[in-house]
Every structure is written in structure tokens, then in C-alpha cells.
Amino acid sequence: RFSLGSALPRENLSSFQDALSQLRNESTYLYEDNGRYRYQTKPNLNQVAKDRAKQITAEQVSTALEESLRKAFGDKGGFSRVCLGEGASPESVADNLELKLVVLPLGWPHRKEESPAEQQALEILSSRGKSERQYRNTLIFLAADARDEEELSRRARDYLAWSSIVDDYERLDLTESQRKQAIAERENQEKGLLERTEETWRWLLVPGQPLGSASPTLALEQLRGNGTLAKRAFEQAKKNEQLVTALGASALRNELDRVPLWRGDQVSIGQLKEDFGRYLYLPRLQSTELIEESVSAGLAMTSWSKDSFALTDSYDEAAQRYRGLRVFQRVPAAQIAESMLLVRPQRALEQLAAEEQAPAAQPASPPELPVGSPAPVDPQPEASSPAVRRPKRFRGSVTLRPDRLGRDAGEIGEHVVSQLTSLSGSQVTVRLEIEGSCPDGVPEEVVRTAKENSAHLHLQITFEDE
């Protein structure tokens, strides 16, 4: 028996456990069995593992690290694709509209001086083999820390060494106790390798580019948080607003005007997807489906003429008008095709006003007859039923639930109001009345906020004591 040491008050007991673990892992003649330790003159399995670790080839280490890296990711974490092993060359990284996390191999780690990771990331950004890369705004990079490369390789060698001992236990003539020790040590080494892998790939490189600048930049930040590497990378980029999972209609309108992205008075949905995938000065989208969702929300806005846009099926060059023009109505995102066009609100208003003022078509004049021709005789009208009188005015009222105001109002606009506004010459006015009471009284800050918001929305609102 031997005494490892004695603890004094206020000393950290974990340091003694660490010392014991170090002895167990490094001592050649120390044996452990169910928490009991002993020395023997025969070398233990630690020495066998050390000898075998020296015989592990670089190729075996690389394979073990790739396997550990795949386990460290586990899932895509919000990305459409995680490129493992593809970051070794620009040709391997696909050039499409999918949001991709490119994991740079250990051969391109990040270091402070002349970072190989940054050089490789910029190379992948600029080209795909011999051709220029088109969709640069779909890439985010993750790189290893150069200082951890040696330690990570050592962990991989130790894991492979203990794995080989477990596989060769019969040839090594191990006792049952030694076989259990080898299995437990292999599990510990595998766990340690996985933890070290997660710690090593910790540098997030996010491309960007200021509007008007010719060269892209890389925002560099250490990875934080919990979960798989892909999930941590996704959540951190989202938190830093380096990618978006929802694109508001007003935000889309702002980008249309800021860049601008309009092609004249219009731009197609498909072209917008191309733009957001290409240009690093635009928001990085989790999915191109965010475009359709944003357009759907923008069309339903009451302030569409100021804050969003109109939608049309196509443009008739001969007639100089938009076909199927839609404004202030609910159009599901699934019904929005890439061939459809977003239209500047002012241009849409001009077409709507012109079509409302267009005079009704005049009946065609009867053809002139030659001199001396008999006058045409009108045939006797057939007996017909009296003409049906059509209503010329319409009114409607409904009480809406406050917690479902947006949805119910949208359905009324889509299924009722849009039918009436589509009639030639119709004039439709929609009013919103709000009436309510609060037995405990409305707080002053709520009154102030409601009045400020109402003034911005051109809504007349009053508060009464009784």
C-alpha cells in the first residue's frame, strides 16, 4: 500500500484526484482494479499503449480525426449543408443557394500571423476551381486553432493505441481485469479525443463586405455556447446578425431601395434569390424561402404603399401594364413563383388609378349601307324575363377578437374586400373601429404609447374617464 498524500483544510481535493489519474495514465508498473491500486514488477498496459502509439501512422491519425470531427458535429444545426472534408479545396465546395458551413481541415488552422484558415477561406470565396464563385453569401467557415494541433494528434494516437490493445487482447494474453481496463481506457480516450476536437475547431470566420467596397472581409470570433459544433456556429452567427432566419417585409423593402435591387420599376422573385445569394453586403438568409414569406407578409400590410411593394404575374410590354397586379391582399407564400415580379408601389398606384379612370368602351357604330339599299328591319324581340336589378351599394360589419386581429382581418381582406375591389369602377372604404373598457384604468405609459403609435398610423384615438 502507499499514501498519495494528505489534504489540509481549504485545499482543493480535486488536485489529488488529478495526481492519481496522472499516475494511473503514465506509470509503467502501477495497476488499478476496482479503485484499488498496486505496484508490480511486470509492466502494465500503459507501457504497451505508449509503444503502440509511437507506431501509429499519420494516415491513421488523419482518419481518426475525421471520424471524431464528424461525431463532434452530429447534425447540421440549422445549416442546409455542413461541408466536412470539402474545405480542402475550392472545387469541393458546392456553388449553390444553400446555406453552408465549411469546416476547414486541420491543415488550414487559424493562427494570429498569416492565418492559413483565412487564406483558404478567401480562396474558396473567390473561386470554385477555374471558375469564379457566384453564391458567396451562402458560406460560413469554421477553423481549428493551430496551437491545439499537436495535442489533438497525441489524443488520436492514444485512442488508436488503446483500441488496438482491445482488439488484440487474446494475442496479448490479457487477464479479464486487464481487458476491462483496456476497454475503459479506450472509452476514456475516445471521450477525451471528442472533447479536444470540439475545443480545437473554435474559430468562426464569417464573410462580409461593406456596400461599395471591392474586397470581402472575414469577421473572426471564437465559438461559444453549448450543443454540437454546427448548432453553436449557427446560433452564434444568428446572434451576431450575420445570418437571418426571418426577413421582414419592411427589411426587404429597405434592401430594395438601399442597394438598389430594383431593375427599373420591378424585380423578379428569382432575381432576388440570386442577389441575396451573391452579394456579401446583403443579409445572409438561412433559406431562399424567406423571400416568399417576406413577400407574402408585405402584400398583406395596410401600409404596403410606404413599407413594402406590389406583386404581379408578369409585365405586358405591348400594353405597358402589369398583369394580375396584387396589392393589400393575402397571398400564401406557397403560391408565389420565382417568375413573379415585385413592383414599386408608386408604379402600381399609377396603373390602378389609370384603370379606374379609363372610360367605358363605346358600342360599335352600325355599318353604312349603300344608297338605295332597303333599310334593315329589326327582328321582333323575343319575349324575355324582366332585367334583374343588381345592388349598387354594400356594407358589412364584424366584431374581431383582439388576439386574432391580424389573421381575421387578413381573411376578410382576402375573401371579401378583394372581391369587391376587383369590380370595375368600385369604390371601397374600409374602416377600423376600436372600443373597449378597462375597469382598473389604463396606465399612463400605455396611454402615451397608444397615442404615439396612433398618430404614426393616422388613427384617431381618445381616452375617457368614464
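Only the coordinates and a few stated rules stand behind these numbers; no lab work does. Source: prediction; values computed, not measured. Cβ coordinates were reconstructed from backbone atoms using ideal geometry, including for glycine residues, and neighbour counts include every protein chain displayed.
How would you classify region 39-102 from its alpha-carbon gyration tensor, with a ≥ b ≥ c the square roots of the eigenvalues: rounded for a/c under 1.5, else prolate if a/b is greater than b/c, otherwise oblate? Since a/c reaches 1.5 but b/c is at least a/b, the shape of region 39-102 is classed as oblate. Our note on the geometry: Cα centres of region 132-182 and region 198-273, 34 Å apart. What value does region 1-129 have for Rg/Rh, both radii from Cα atoms and Rh as Kirkwood defines it? We get a ratio of 1.19 for region 1-129. Using the average count of surrounding beta-carbon atoms within 10 Å as a protection proxy, the listed peptides 52-64, 282-294 rank, highest first, as 282-294, 52-64. Restriction of the trypsin sites (Lys or Arg not before Pro) in region 128-185 to DSSP coil positions whose beta-carbon has at most 16 other beta-carbons within 10 angstrom yields Lys130, Arg171. Taking amide H positions as modeled 1.01 Å from N, with prolines and chain starts lacking one, the residues under 5 Å from Leu205 and 5 or more places away or on another chain are Phe141, Leu142, Ala143.
Count Lys and Arg as plus one, Asp and Glu as minus one, and take only other residues whose Cβ is under 12 Å from that of Ala348; the net charge is then +1.
For region 155-310, the fraction of C-alpha pairs farther apart than 19 angstrom is 68 percent. With the largest listed first and rounded to whole Å, the semi-axes of the equivalent ellipsoid of the chain from the Cα gyration tensor are 72, 30, 21.
Each stretch of four or more DSSP H residues adds -39500 (n - 2.57); spread over every residue of the chain, this sum gives -12000 deg cm²/dmol at 222 nm.
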